[in-house]
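Below is one structure, written out as structure tokens, with a few remarks after it.
Since every read-out is calculated from the coordinates, none of them should be taken as a lab result. Since the structure is predicted, the reported quantities are computational estimates derived from the model, not experimental observations. Counting neighbours? That spans all protein chains shown, and the Cβs are built from the backbone with ideal geometry, glycine included.
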Amino acid sequence: MDLPLPLRGGCLCGAVRYEIRDAPYGQANCHCRACQHATGGAYAPVLLVPAAGFSATGPMRRHEVLGDSGNRVARAFCERCGTTLYAHTTRVETMRPVYAVTLDHPELFRPDLDCWVEAAQSWMVMDPALPKFPRDPPARLAGIRKPGRD
């Protein structure tokens, strides 16, 4: 499904707003423990967005941790209401996972896959039709191309 660009979203209190100008590389349900903690839920529904086509304004703070992947992961959140909006990982500097529920129209989100399923909660019921990846999603969904390919 082609998403209508630009996509816009923001935090619960409205102090932070963002815009996605470039088509996402993909859409995923991430079940890693860091995403579980960041969302307070069983997983994080994220759009994997090119960093160059993403911008955010407003009073934000970042919290950085070492992810299960061994890479540094920073999450940006509104300093007023605490809504987590997007992440940044040292694994892929050119991509931002944007939390789909913060979109102005979250109903547009359609996951392509489930990733980090090795960390999924045992009580989590996943869509059996979606591809499952034990850890990171395929590189192409993060905007990483294989050497020698377009």
(request) Compare the Cα positions of Pro59, Gln36, Ala74 along the charge dipole of the range 10-134 (+1 at Cβ of Lys, Arg; -1 at Cβ of Asp, Glu; about the Cα centre) and return the one farthest towards the positive end. (result) Pro59
(request) Please tell me the relative contact order of the chain in percent, rounded to the nearest whole number, where contacts are Cα pairs under 8 Å and at least six residues apart. (result) 26 percent
(request) With both partners inside the chain, how many of the DSSP beta bridges are antiparallel, as a percent to the nearest 5? (result) 90 percent
(message) Please list, by residue number, every one of the trypsin sites (Lys or Arg not before Pro) in the range 43-146 that is coil in DSSP and has at most 14 other beta-carbon atoms within 10 Å.
(response) Arg135, Arg145
(message) I need the shape label for the range 1-43. Rule: rounded when a/c is under 1.5, else prolate if a/b > b/c, else oblate, with a, b, c from the alpha carbon gyration tensor.
(response) oblate
(request) Name the shape class, rounded, prolate or oblate, that the alpha-carbon gyration tensor gives for the range 66-150, where a ≥ b ≥ c are the square roots of its eigenvalues, rounded holds for a/c under 1.5, and otherwise prolate holds if a/b is larger than b/c and oblate otherwise. (result) rounded
(request) With +1 on each Lys and Arg Cβ and -1 on each Asp and Glu Cβ, and nothing else charged, work out how big the dipole of the chain is about its Cα centre, in Debye to the nearest 20. (result) 360 debye
